[in-house]
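Asks: Please find one structure pasted underneath; my questions will follow.
Taken together, the values in this text are just the output of simple stated rules run on the coordinates, not laboratory data. This structure is a prediction, so every number in the text was calculated from the model and none was measured. Every residue, glycine among them, receives a Cβ derived from its backbone with ideal geometry; neighbour counts consider all protein chains shown.
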Ligand SMILES: [Fe+2]
């Protein structure tokens, strides 16, 4: 499976899944860099994880040019969707099996897309971090993390922001282990080469993400407090 990325804003990644000239964009918050990327390609579909503008802001413009592109998204982006998805929906694109996981907490209806063993999780989690709980529904955020951590350990995870180094630094207050410094060095190396620090994996997050380690909701909330 060919997966690539387009940079947007300060630190967003618009992940792509591609087959030949056909491209799926995940959370195109901005149209301009996508148009540039799609110069000799076709926009086949758009996957939206949640309603925030830095994830959906490019959709209308992209659809004006690529009228055939199918927009998938949760109920909270209904005005942009051709197909509205809910938890555990399954469909197929490019011959790949896609499963929808409701991973709310950051927003009310946030979803993630499991494409074979690649999880596009929007702002649900970041490497060594967790999306801000705008809903105040910490229980849902905790449950969303449980869903992700229970996926196959080889699952690759593609968050929508390059927050890895900041997250690792604040997580060091909770996980006091050399593995955190090693992860910071590794992330810095990739970024200095012009690459994302991502994807991460379930296996890796089990070692470096305090929210994967929280044993219950109280501890989960405690870790949020410590990290902030
Ligand atoms: Fe967001």
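Asks: Could you calculate the contour length gain from residue 86 to residue 207, that is, 0.36 nm times the residue separation minus the distance between their Cα atoms, to one decimal place in nm?
Replies: Numbers: separation 121, 0.36 × 121 = 43.56 nm, distance 3.01 nm.
Once the chain is fully extended between residue 86 and residue 207, it gains 40.5 nm.
Asks: Using just the helices of the chain, give the 222 nm mean residue ellipticity in deg cm²/dmol: DSSP H runs with n ≥ 4 each add -39,500 (n - 2.57), and the total is spread over all residues, rounded to 500. Intermediate values should be presented prior to the final figure.
Replies: On the way: 9 runs with 74 residues, N = 228.
Here the helix-only value at 222 nm equals -9000 deg cm²/dmol.
Asks: If every alpha-carbon in the chain counts as one equal scatterer, what log10 I(q)/I(0) does Debye give at q = 0.09, 0.13, 0.15 1/Å?
Replies: Those come out to -0.34, -0.72, -0.96, one per q.
Asks: Here's something else I'd like to know. For a Förster distance of 35 Å, can you work out the FRET efficiency between the beta-carbons of residue 7 and residue 138, rounded to the nearest 0.05? Please list the in-between numbers first.
Replies: Working: r = 31 Å, r/R0 = 0.89.
Once the sixth-power term is evaluated, E becomes 0.65.
Asks: Something else: Using packing as a proxy for protection, rank 162-168, 75-81 so that the peptide with the highest average count of other Cβ atoms within 10 Å comes first. Walk me through the numbers on the way to the answer.
Replies: Values: 162-168: 21.3, 75-81: 16.3.
Ranked by mean Cβ neighbours within 10 Å, highest first: 162-168, 75-81.
Asks: Residue 67 versus residue 150, label points 7 Å from Cα toward the beta carbon: distance in nm?
Replies: Distance between label points: 4.5 nm.
Asks: Roughly what angle does helix 217-227 make with the longest principal axis of the chain, taking Cα atoms, 0 to 90 degrees, to the nearest 10?
Replies: On a 0 to 90 degree scale, this one is about 90.
Asks: Enter the angle in degrees (range 0 to 90, nearest 10) between the Cα long axis of helix 178-192 and the first principal axis of the Cα atoms of the chain, meaning the one along which they spread out most.
Replies: It is inclined by approximately 30 degrees.
Asks: Taking each pair of different alpha-carbon atoms in region 104-201 once, compute 1/r for the pair, average those values, and report the inverse of that mean as the Kirkwood hydrodynamic radius in Å to one decimal. Mind dumping the intermediate values first?
Replies: Details: mean 1/r = 0.0713 Å⁻¹.
After inverting the mean inverse Cα-Cα distance, the result is 14.0 Å.
Asks: In region 1-121, what % of DSSP beta bridges are antiparallel (nearest 5)? Let's see the in-between values first.
Replies: Working: 24 of 34 bridges.
Taking every DSSP beta bridge with both residues in region 1-121, the antiparallel ones total about 70 percent.
Asks: Nearest-5 percent of antiparallel DSSP beta bridges in region 72-228? Working shown, then result.
Replies: Values: 16 of 22 bridges.
Around 75 percent antiparallel, to the nearest 5.
Asks: Roughly what percent of Cα-Cα pairs across region 24-155 reach past 18 Å? All intermediate terms of the calculation are to be shown ahead of the outcome.
Replies: On the way: 4505 of 8646 pairs.
Cα-Cα pairs in region 24-155 separated by more than 18 Å: 52 percent.
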